[in-house]
Structure formats: C-alpha cells, structure tokens
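Laboratory data are not the source of any read-out in this text; all were calculated from the coordinates shown. All figures in this text were calculated on a predicted structure; none of them were measured in a lab. Note that we place each Cβ from the backbone using ideal geometry, even for glycine, and neighbour counts take in every protein chain shown.
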Amino acid sequence: MRIEDMSIDQLLELNRVICRRIDELQDREILQALSQLRVGQKVSFEAQEGPTMGIVTKINRKTVIVLGEDGRKQYKISPGLLRPLRDVR
C-alpha cells in the first residue's frame, strides 16, 4: 500500500508503530552504553566549553551524572556521549 493512499487513521497507526520501534532502538543503545560505565569511572565528553573530563558519580536510567575535573561543576549527560577513559599506570 502506498502512503499516499492511506487514511488518516492508518497513518496515525503507522506513526505509532514507527515511534514505538524508534523508542525500542534508542533504549537498547542507552542500555548498551550504560553497561560500559561504573560509578567512580573517569570519562571524557564534549561540553559547551570543549573537551572535558570527569568522574561518573551517579548512573540513572537514561542519563549519567558526571562531576567535572574541577570538582565543582556537574553534568547530566546521555550515556552515549561519554567515552570511558582507561587507567594509565
């Protein structure tokens, strides 16, 4: 069936199905990114002021709280935007 031939009700149902699938895929990506993070872990990310490093202080369902390297500023970030840093010893 061509989209041009669909009724409003059919289009609305198609929209619901598409939105549900997008939500499922985004949730899967978030869970994958969250599985790579731990509280206390050093991470890097792009902030408004440029590349920034910090420490994960809290992991929420869809966001991560990171304490900036200055020890004062906190960031609430989508886990997919964080890059875990490896410990260099």
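Brief remarks on what is shown
- With respect to (1) surrounded by 12 or more Cβ atoms within 10 Å (Cβ to Cβ); (2) part of a helix (DSSP H, G or I), the lone exception for Arg20 is condition (1).
- Per the conditions (1) closer than 14 Å to Leu37 by Cβ; (2) in a strand (DSSP E or B), the sole criterion not satisfied by Gly80 is (2).
- Tally, over the stretch 48-73, of residues that are exposed (fewer than 13 other Cβ atoms within 10 Å of the Cβ) and assigned to a strand (DSSP E or B): 3
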